[in-house]
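Reviewing the structure listed below.
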Amino acid sequence: MDEHPGGGVAGPPPPQQQLQPGGTGGVHPAIGGGPGGGGTLLGPQSQPQQSDELPRPQQQYTIPGILHYIQHEWARFEMERAHWEVERAELQARIAFLQGERKGQENLKNDLVRRIKMLEYALKQERAKYHKLKYGTELNQGDLKLPSFESDAKDSEVSALPANSQLTWKQGRQLLRQYLQEVGYTDTILDVRTQRVRSLLGLSTSDQNGSVDKKNLQQLINGDDARKDAKRGPGDVLETFNFLENAEDSDEEEDEDGELMDDIGDDIKHHRKHKNKLASNQESSFRKTWNPKYTLRSHFDGVRALAFHPMEPCLLTVSEDHTLKLWNLTKTVAAKKSTSLDVEPIYTFRAHVGPVLSLAMTSNGEQCFSGGIDATVQWWNVPGSNVDPYDTYDASALAGTWTGHTDAVWALAYSGIKNRLLSCSADGTVKLWNPQEENPCISTFNAGTEHGVPTSVDFNGCEPAHAVASFDGGDVVVYDLETSQSTLVMKGQSEGSKCLVCVEVLHLFYDDGSILSPGRPGCHHIYKVVSHPTLPVTITAHEDRNIKFFDNKSGKVIHAMVAHLDAVTSLAVDPNGIYLMSGSHDCSLRLWNLDSKTCVQEITAHRKKSDEAIYDVTFHPSKAYIASAGADALARVYV
């Protein structure tokens, strides 16, 4: 027997200690083997020295096993660390969001406190002025000082003016008007208040009361004053409401109230100057050149209607290919041989059996409604703008299906005031829906088709309890949604009038200009009706190339104009009520100034298909986008 260098006696190794392939066969350092372990290293033909201690059970360890164990533990550690990193990032983002919210709330609170203090100061000034005018003595309100505020940068203050300064009064009035302008207290309201104060003080004639609604409404809508007065700003629609120009003051009152009249006159001049400046700035910022930037190509047939998301750069379209599509304008690809960008849809809605004709979106953008030739109104949940376009179809996107109509649903309109939906159908009815009800259809109008077949509907911008509907015969009817009765019928076609298209055609055949027919059937068809958001005006688009403006009070046509070279198919009013956009089968969009009724831009962007071109146009409610939908299966967005 040979002696081992480690001092042991060599001999045949027992079976349980045979070397494994690629292994050492030794004892794990944790149980006495290996360097520093206090054990004995066994060689190929060695066995441990004899010891007085009891033998301990030995475990099988191999290098592959040990490596596998280390790799497994390392992978588990890395996974846990990655999860922790993700959780930490989420918490940091949440903290940043909450800090931003807190900062915003603090800024809002500071701004509101600032405005309240200024309003209190202005109110004290008004009380002192009124007391002096009425009683001839100064009102003791303590030490009146203009409140001072720290700026956002905390580096400047508004200095207080002495109470006896001549600038205190006018400074306070100007600051008050500035803050009222910021919170949306419009010029009309200020002028109405001025007229009311003058009436209470006996400074104006009694016949002026209530003259606002009756005075120069037609001039207000048609913009006659803007054409007569070259100095007037193009956006100054409210200039006609001059409540002080007809005031008749007696000689005795002039001496008493000269100071008041001077102040009021100065305030009005300053207010109108400020208003004209704002209008001109708004005009210059809005009247830019709109250019096509995004092209939406994924539909296979004509795009009938579209609607923007109220806050995000997203668009919904409905098409004759039976689908609705959601587009995110921030996810684009460069178009071939063009400066525009192509957009791919991020979600497709499928439930209609046949072409989809109409669309309406809720005020928060979380839901939408569509109507189709299958006579149904589908209620959808709109997914987020970052949805994966390759996800499987989500059946929960369809929130409901309404089957109240018996024929194609031509148009839809939504109002967020009471969460109501209007629809009109080829079955001759107009229906009012409440999505929250178990039976959502709550009212039906024109059930006996007494006005014909409806073509378009909209909610009244000034009277939310009223709705307007256009009909194929050329009439527009105002309905009271509370009583389900018609309150006014606006005749779009007067007795004996001729369709302009028919007149031109017949002139080709009759040299003497005689007209033998009032026009072809349906030539006075109304494609679209919209209500102005702030004025009592209804606007209609006609097949005879006309756009007409109706007064909601009298029901009369207050302005009519030939707007396109072919049928006017679509209308949209911008959220501020200053511009009108129209689309036509002549392949053009036109942008109109509602004050002067002039076209400020024309865009040609669609191609004809079966003598049809543009089906719908719309403004984005909060961003600088406009869009159009066409029979060429394209939707285009302009910036």
Please list, ordered by first then second residue, the pairs with beta carbon atoms under 7 Å, 6 or more apart or interchain, first in the range 387-411 and assigned to a loop (DSSP other than H, G, I, E, B), second exposed (fewer than 14 other Cβ atoms within 10 Å of the Cβ). none
Given the condition touching a residue at least 40 places away in the same chain (Cβ under 8 Å), of a type in the set (A, V, I, L, M) and at positive phi, answer yes or no: does some residue in the range 361-376 qualify? yes
Residues within the range 580-598 that are in a strand (DSSP E or B) and within 14 Å of V537 (Cβ to Cβ), tallied: 2
Search the range 116-143 for residues that are under 17 Å from Q171 (Cβ atoms) and in contact (Cβ under 8 Å) with a residue 60 or more places away in the chain and pair each with any residue that is hydroxyl-bearing (S, T, Y) and open to solvent by less than 80 Å² (accessible area, probe 1.4 Å) when their beta-carbon atoms are under 8 Å apart and the residues are at least 6 apart or on different chains. M118/Y179; L119/Y179
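Out of the residues in the range 584-599 meeting the condition of being among the polar types (S, T, N, Q) and surrounded by fewer than 19 Cβ atoms within 10 Å (Cβ to Cβ), tell me which one is farthest from C314 (Cα to Cα). Spell out the reasoning first.
First, pick out the residues of the range 584-599 that are among the polar types (S, T, N, Q): 584, 588, 593, 596, 598.
Still in the running and surrounded by fewer than 19 Cβ atoms within 10 Å (Cβ to Cβ): 596, 598.
Details: S596: 32, T598: 30 Å.
Among those residues, the one meeting the criterion is S596.
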Restricting the range 461-472 to residues that are surrounded by 16 or more Cβ atoms within 10 Å (Cβ to Cβ) and either at pLDDT 90 or above or farther than 19 Å from L571 by Cα (or both), the residue that is farthest from the chain's Cα centre (by Cα): F471
So in the range 565-602, with the set limited to residues that are farther than 18 Å from K528 by Cα and aliphatic (A, V, I, L, M), which one is farthest from the chain's Cα centre (by Cα)? V600
Suppose we filter the range 372-431 for residues that are among the basic types (K, R) and at pLDDT below 90; how many remain? 1
T330 passes all but one of (1) more than 20 Å from L412 (Cα to Cα); (2) under 18 Å from the mean Cα position of the chain (by Cα); (3) in a loop (DSSP other than H, G, I, E, B); which number fails? (3)
All positions within the range 600-639 that are open to solvent by 10 Å² or more (accessible area, probe 1.4 Å), touching a residue at least 24 places away in the same chain (Cβ under 8 Å) and not in a loop (DSSP other than H, G, I, E, B): V600, Q601, I603, K609, E612, Y615, D616, T618, F619, R636
Residues of the range 377-399 classified as open to solvent by less than 20 Å² (accessible area, probe 1.4 Å) and either in contact with a His (Cβ under 7 Å, 6 or more places away or on another chain) or not aromatic (F, W, Y) (or both), total: 3
Consider V343 against the criteria (1) of a type in the set (V, I, T); (2) open to solvent by 40 Å² or more (accessible area, probe 1.4 Å); (3) over 25 Å from L422 (Cα atoms): it satisfies all of them except one. Which criterion is unmet? (2)
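The values are calculated or read from the model by the stated rules, or taken from the named source; none is laboratory data. Since the model is a prediction, treat every value here as computed from it, not as a measurement. So basically every Cβ, Gly included, is an ideal-geometry build from the backbone, and we count neighbours across all protein chains shown. Remember, those area values only see protein heavy atoms, side chains included, never the ligands or the DNA or RNA. Shrake-Rupley method; radii C 1.70, N 1.55, O 1.52, S 1.80 Å.
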